Structure formats: C-alpha cells, structure tokens
1. With the requirement that a residue be charged (D, E, K, R) and either outside any helix (DSSP H, G or I) or farther than 27 Å from residue 7 by Cα (or both), what does segment 211-241 give you?
2. With respect to residue 92, is the statement that it is in a loop (DSSP other than H, G, I, E, B) and either in contact (Cβ under 8 Å) with a residue 12 or more places away in the chain or closer than 23 Å to residue 212 by Cβ (or both) true?
3. Checking residue 179 against (1) among the aliphatic types (A, V, I, L, M); (2) surrounded by fewer than 16 Cβ atoms within 10 Å (Cβ to Cβ); (3) under 17 Å from the mean Cα position of the chain (by Cα), only one condition comes out false. Which one?
4. Quickly run through segment 18-73 and pick out the residues that are without any contact (Cβ under 8 Å) to a residue 60 or more places away in the chain, aliphatic (A, V, I, L, M) and not in a helix (DSSP H, G or I).
5. Looking only at residues in segment 194-243 that are of a type in the set (D, E, K, R) and under 19 Å from the mean Cα position of the chain (by Cα), which one is modelled with the lowest pLDDT?
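The values are calculated or read from the model by the stated rules, or taken from the named source; none is laboratory data. Everything quoted here is computed from the prediction, not taken from an experiment. Ideal geometry is used to build each Cβ from the backbone, glycine not excepted, and the neighbour counts take in all protein chains shown.
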Amino acid sequence: MTGIICINKPQEFTSFDVVAVMRGCFHTKKVGHGGTLDPMATGVLPVFVGGATKAVDIIPDSDKSYRAGFRLGSTSDTQDIWGKLTAKECSTVRQSELLSALDTFRGDIMQIPPMYSALKVNGQKLCDLARKGIEIEREPRPITVSRLDLTEFDGTDGVIEVDCSSGTYIRTLIHDIGAAVGTGAVMTSLCRTRACGFDIAQCHTIEEVRSADEETLRSWLLPTQEVFSCYERVELNDVQQRMYLNGVRLDADRLSKKPSADRPCAVFGGGRFFGIARINAENELESVKRIPIE
C-alpha cells in the first residue's frame with residue numbers, strides 16, 4: 001500500500017511512536033512522517049506509507065497551524081506547564097493590552113529557539129545540554145507568523161490560534177508574549193490543526209487505525225500527489241511518458257502546457273502521478289524526484 005494517512009497524534013506519543021504503530025498496521029517498514037510533534041502536543045501528523053515516503057523531504061507546504069493554550073503569571077525551563085515552573089506575581093492584564101502585544105508578533109520576526117528542543121548546535125542537541133543544566137547562547141532565527149488570533153482569555157488563561165512557518169516554536173512564542181506583557185507565560189496545551197496541506201478533520205485516531213481491516217486502511221490512504229496540489233500540473237502524452245520514465249529530459253516547448261520555470265511542477269500521465277520535476281536552464285523538463293506509481 002502506498003499513500004498518506006493523517007493521524008490525530010495523541011498526547012504522550014512521540015511522532016516516532018506513531019510511525020511504529022503504523023508500521024505494524026500497514027505491515028511495512030517504509031513509513032515516515034511529515035513534521036515532528038512534541039510528545040505533549042496533539043493533532044495533525046501526516047504519515048507517509050510505502051512509496052509515498054519518497055515525498056517526505058520535498059513537501060512544498062511547510063506552513064503549520066496550531067491552537068495553543070497559555071497561562072500568564074508563570075515561566076518554566078521548558079516554556080510550558082510540563083517543565084519546572086516558577087510562579088510570578090501576575091498583575092492584571094487587560095485584554096486590550098494583550099491584543100496590543102500580539103501585534104508585535106505578527107509577520108516576519110526573529111525567534112530564539114528554546115533550550116529544550118531537538119535543534120543541534122555544534123553537533124549536540126540543545127535538549128541534551130539543557131537536561132545537564134547547561135544553557136548556551138542561541139542565534140535568533142527568522143520565522144513568519146501569518147496569523148495570530150486570541151480566541152479565549154479570562155485575564156490569566158487563554159487560547160491563541162497561529163498560522164506560521166516551519167521551525168516556529170509555539171511555546172517560545174507564548175513565552176515571548178508573556179515577557180512582552182510583563183507577567184511571563186507558559187503554554188498549557190498545543191494542538192496542530194494543519195500540516196502539509198491537511199487539516200484535523202482529515203485525521204484518524206490511533207485506535208481507529210489499529211482496529212481497521214486492510215480494505216478500510218487502503219481506503220483511508222490519500223494519494224501522494226495531494227501534498228503537491230499547490231504545484232502546476234503537467235500532463236504527458238504516451239510518448240513523453242515513456243521517455244520521462246526512462247530518465248529522458250523533455251523539451252519544455254513540446255509539452256501540452258509549459259509550467260513556470262521558477263518552481264517545481266507535478267508530473268502526470270494517463271491519470272497517474274509520476275513525481276516532481278522542474279524546467280532547467282536548457283528549457284527541459286527534468287525530474288527532481290520520481291514517486292513510485294500507486
């Protein structure tokens with residue numbers, strides 16, 4: 001079986017735990033995932049099965065969406081409630097003040113990665129250093145927060161919804177917002193609601209997958225090409241299909257529709273998805289990655 005199944009990752013499961021379960025359910029070692037989630041987070045985890053694993057490293061839609069709970073008046077070493085908490089004296093924060101602070105975190109901003117993260121510096125994971133009580137200086141990294149909405153707030157606890165670029169740490173975003181309003185803040189919950197172009201309504205639970213029969217599992221697999229729906233589609237005729245599958249570069253001017261030269265395109269023939277290609281400097285359609293035909 002080849003395709004993508006979206007899992008609503010449960011709390012206390014690592015992304016690799018989910019992959020391990022899927023390997024058992026689909027009876028294959030060829031399983032990968034489209035974006036790590038922390039164990040305490042829940043939500044959308046696209047799982048790539050069989051030949052679809054070849055698409056994991058070329059997914060075009062890397063933006064993510066989250067719904068996160070927060071609490072003002074505390075900080076922690078992990079920037080969430082599962083770390084070592086330090087209570088602060090929380091003076092009252094009006095909703096208007098919080099909304100004003102959020103304005104400064106929208107758009108293209110810089111973010112310092114947290115120590116409790118899998119990010120490597122000089123070959124060492126920051127989280128491994130943090131567990132030894134070592135804190136090192138981290139360089140700020142550019143991120144984009146395209147949407148940041150306050151959906152609930154009672155003066156202390158609240159919920160934000162975020163659309164952001166890959167590499168954004170939501171708990172760090174909340175930590176920085178808490179610093180901006182002068183009270184400190186920790187993340188209390190995190191649910192990823194969108195990843196790789198898939199949303200949470202498309203997800204299945206671990207329990208559903210474990211109890212499903214093979215026919216049902218096959219029906220739940222989404223076509224690999226769905227992650228490339230944002231790309232231009234190129235249709236090859238019978239002759240072009242044979243040439244392309246044999247590794248021949250095709251004259252772009254002879255295609256039924258020439259794609260833009262500034263980004264990859266999705267290649268199809270006879271209703272089948274062949275993979276991702278791009279127009280090279282010689283005006284040829286050149287394969288970027290072949291995806292096994294489903």
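1. 213, 232, 233, 235, 238
2. yes
3. (3)
4. Result: 31, 47.
5. Pass one, segment 194-243, residues of a type in the set (D, E, K, R): 194, 199, 207-208, 210, 213-215, 218, 226, 232-233, 235, 238, 242.
If we keep only those that are under 19 Å from the mean Cα position of the chain (by Cα) too, we end up with 194, 199, 226.
Working: 194: 96, 199: 94, 226: 91.
By that ranking, first place goes to 226.
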